[in-house]
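So the structure is just underneath, and the comments pick up after that.
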Amino acid sequence: MSEIAENKPARPQASNLLLRVITAVIAVPIILGLLFRGPAWGFYALILPAVLLGSQELFAMTHPEDKPSQMLGVLLAGLVSFSLYFFPDPRVALTILVAIPVAGPLLTLARLGDIPSAALRAFGMSVGPLLVAGPMTLLAMMRRDLNSAGSAWVLAALCFAWAADTGGYFAGRFLGKHKLYEAVSPKKTIEGALGGLTANLVAAFVLQHFLLTTVPLVHLLALAVVAGMLGILGDLGESLLKRSVGVKDSGALVPGHGGILDRVDALLCTSTVVFLYTIWFVAKPSCCH
């Protein structure tokens, strides 16, 4: 009986892993097909719904039971993404960067609600429209603006998020013993984090060999480490938000993975790191001309 009892917890993990694999098998070819074979606008057509859904999950946590505020937050996030992509002008980006944070507390006055939670809601409305929309839209901008190399750089950002997540999952599951930040995410371990960074280094070697052949390997290795570390922090940051509002997953849209926000928390960081590298060392995107 004791052996049976010990084996029971493994079944949900195995089931969850199977769901994760099935979801990846379906989703990855679609993403890569749009990235390498489809037009630039086709890839943005994939990004925009992810922005809207991820933002809805975020505002559902910061503004629970307040549908009008959630809808307003999602609308602002969509406006941010649409403006960055279709109006590539530094003045537009600067206006968004300044106006949205200032508007957050002002908009909260219109939906005052519970005073003790007003600060969370005000700053949620200030940061929320930028948090998902900005980094995700950067992926579509790289795809469009970096010519033939755009798809490769987007794939680099995706790989640094996917590899770290996959490497961290398996290293943590089979080798994890020491907690990384137990107060925020009890399941994450130091071994898992190191496994994720190792997987990122492998991804950097593969990317340099097959796609980004003109990029110095040392640059890609540095990107892999920085993106991996920030991706871990992004994951922990979302875990902190979920823990603070008492939810396990940001949503249930992606089988085996939770919500959209659960899948892109690290990608928000890796896309930002890769984008910043490209505008400093590769080519300026159209919004920076």
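The values are calculated or read from the model by the stated rules, or taken from the named source; none is laboratory data. What you are looking at is a predicted structure, and each value in this text was computed from that prediction instead of being measured. Neighbour counts are summed over all protein chains in view; Cβ atoms, including those assigned to glycine, are modelled from backbone coordinates with ideal geometry.
Data overview
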{"quantity": "Residues that are exposed (fewer than 15 other Cβ atoms within 10 Å of the Cβ) and either assigned to a loop (DSSP other than H, G, I, E, B) or touching a strand residue (DSSP E or B) at 6+ places or on another chain (Cβ under 6 Å) (or both), drawn from segment 112-153", "calculated": "Leu112, Gly113, Asp114"}
{"quantity": "Qualifying residue in segment 108-122 (condition: of a type outside the set (A, V, I, L, M) and within 26 Å of Leu46 (Cα to Cα))", "calculated": "no"}
{"quantity": "All positions within segment 60-87 that are surrounded by fewer than 17 Cβ atoms within 10 Å (Cβ to Cβ) and more than 15 Å from Ser117 (Cβ to Cβ)", "calculated": "Lys67, Pro68, Met71, Leu75, Leu79, Phe82, Phe86, Phe87"}
{"quantity": "Residue in segment 62-74 that is within 21 Å of Asp262 (Cα to Cα), under 16 Å from the mean Cα position of the chain (by Cα) and assigned by TED's automatic domain parsing to the domain that holds Gly134 present", "calculated": "no"}
{"quantity": "Verdict on Ala45 being under 24 Å from Ser250 (Cα atoms), at pLDDT 95 or above and surrounded by 12 or more Cβ atoms within 10 Å (Cβ to Cβ)", "calculated": "yes"}
{"quantity": "Hey, Leu180 outside any helix (DSSP H, G or I) and either without any contact (Cβ under 8 Å) to a residue 60 or more places away in the chain or farther than 18 Å from Ala163 by Cα (or both) or not", "calculated": "yes"}
{"quantity": "Test: residue in segment 217-226 that is at pLDDT below 95 and among the β-branched types (Val, Ile, Thr)", "calculated": "no"}
{"quantity": "Number of the exception - Leu158 against (1) under 30 Å from His63 (Cα atoms); (2) buried (at least 23 other Cβ atoms within 10 Å of the Cβ)", "calculated": "(2)"}
{"quantity": "Checklist (1) closer than 28 Å to Gln70 by Cα; (2) within 17 Å of the chain's Cα centre (by Cα); (3) assigned by TED's automatic domain parsing to the domain that holds Gly246 applied to Val184, failing item", "calculated": "(2)"}
{"quantity": "Where Glu57 falls short, out of the listed (1) within 20 Å of Glu238 (Cβ to Cβ); (2) surrounded by fewer than 17 Cβ atoms within 10 Å (Cβ to Cβ); (3) charged (D, E, K, R)", "calculated": "(2)"}
